[in-house]
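Working notes for the structure below.
The values are calculated or read from the model by the stated rules, or taken from the named source; none is laboratory data. Quick caveat: nothing in here was measured; it's all calculated off a predicted structure. Neighbour counts run over all protein chains shown; Cβ positions are idealised from the backbone, glycine included. Accessible surface is based on the protein model in full, side chains and every heavy atom, while ligands, DNA and RNA are left aside. Shrake-Rupley method; radii C 1.70, N 1.55, O 1.52, S 1.80 Å.
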Amino acid sequence: MQFKRTNQFLRATYGNFRIELFSSESFKNTIIINIEVFDENGIFQNSLEKKAEFSTLDAAFMIAHGTTEDLLMILHRCQQLALGAIHTRSSIGHKSDATLTGLKETLSLPWGIGI
């Protein structure tokens, strides 16, 4: 799954899921991981939000200006947190086992930085 950098955001879309990582100067040591779920018609169904806390990393600066290696480190940490947050269907606010399985498979794909 390839993320694209836009200002303070890293964004990726895969299948029925959109993943966005965001940080700002007001909470620069935190990255918000937002996962949105859409149905097969592209209609928004639900979202899940998780925070990744970093003790010394200026995440806002790294997302906006970091090297590929910096961003890959951030992606790896956020991927682990995102996978840990989706234990059950209720964690994504959805009743479908297929959606939960699809999200787990999507989040388990290698995360990288697109051009």
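Data table
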| quantity | calculated |
| --- | --- |
| Near pairs, Cβ below 6 angstrom, 6+ apart or cross-chain, from segment 3-30 (farther than 19 Å from MET73 by Cα) to any residue that is among the aromatic types (Phe, Trp, Tyr) and at pLDDT below 95 | ASN16/PHE38 |
| Residue that is least open to solvent (accessible area, probe 1.4 Å) [pool: residues in segment 45-63 that are under 16 Å from the mean Cα position of the chain (by Cα) and over 15 Å from SER24 (Cβ atoms)] | LEU48 |
| Checking SER96 against (1) open to solvent by 40 Å² or more (accessible area, probe 1.4 Å); (2) modelled with pLDDT under 85, the condition it does not meet | (1) |
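Yes or no, residue by residue, for (1) more than 16 Å from LEU103 (Cα to Cα); (2) at pLDDT 90 or above; (3) assigned to a helix (DSSP H, G or I):
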| site | (1), (2), (3) |
| --- | --- |
| GLY42 | no, yes, no |
| LYS51 | yes, yes, no |
| MET62 | yes, yes, yes |
| GLU69 | yes, yes, yes |
